[in-house]
């Protein structure tokens with residue numbers, strides 16, 4: 001386990017690397033806007049976490065960003081996402097989900113929502 005990444009799952013590393021090399025167009029677009037601390041915090045992509053691989057994860061803000069394709073809108077996909085989100089929330093993480101089309105056609109709005117969530121979380125954590 002890496003100290004800076006809680007619940008890092010070594011068994012998912014190879015799958016995580018594969019996903020990094022085969023990102024969807026929407027994931028690639030969002031990564032270009034999140035990488036290199038452009039929002040003032042570090043995001044990682046395709047992070048193995050417990051049973052899951054998180055599309056994007058910011059340790060400092062405890063924020064998970066998921067970019068959902070059509071498979072997430074089937075009854076089974078919705079059921080799995082609900083369980084996954086509950087598991088992540090039980091670890092104190094917040095999950096933001098965006099559909100591929102929003103990332104591709106309204107990336108400015110998506111990034112603004114992410115930035116606002118990061119700012120609010122960091123401000124709230126600074127008070128504690």
(request) Among what's in segment 106-116 and is surrounded by 13 or more Cβ atoms within 10 Å (Cβ to Cβ) and without any contact (Cβ under 8 Å) to a residue 60 or more places away in the chain, pick the residue that is nearest to the chain's Cα centre (by Cα). (result) 113
(message) Of everything in segment 45-54, what is farther than 13 Å from residue 93 by Cβ and either surrounded by 13 or more Cβ atoms within 10 Å (Cβ to Cβ) or at pLDDT 95 or above (or both)? Give them in sequence order.
(response) 45, 46, 48, 53
(request) List every residue pair whose Cβ atoms sit under 9 Å apart, with the two residues 6 or more apart in sequence or on different chains, where the first one lies in segment 60-85 and is on the phi > 0 side of the Ramachandran plot and at pLDDT 95 or above and the second, anywhere, is part of a helix (DSSP H, G or I) and surrounded by 11 or more Cβ atoms within 10 Å (Cβ to Cβ). (result) none
(request) Return the total of residues in segment 28-70 being closer than 24 Å to residue 122 by Cα and outside any loop (DSSP other than H, G, I, E, B). (result) 22
(request) Could you run through segment 10-27 and say how many residues are surrounded by fewer than 17 Cβ atoms within 10 Å (Cβ to Cβ), in contact with a helix residue (DSSP H, G or I) (Cβ under 8 Å, 6 or more places away or on another chain) and not in a loop (DSSP other than H, G, I, E, B)? (result) 1
(request) Just one of (1) in contact with a strand residue (DSSP E or B) (Cβ under 6 Å, 6 or more places away or on another chain); (2) closer than 18 Å to residue 29 by Cβ trips up residue 94, so point out which. (result) (2)
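The values are calculated or read from the model by the stated rules, or taken from the named source; none is laboratory data. Predicted model, so just to flag it, every value in this text is computed and none were measured. All Cβ positions, glycine included, derive from the backbone under ideal geometry; neighbour counts span all protein chains shown.
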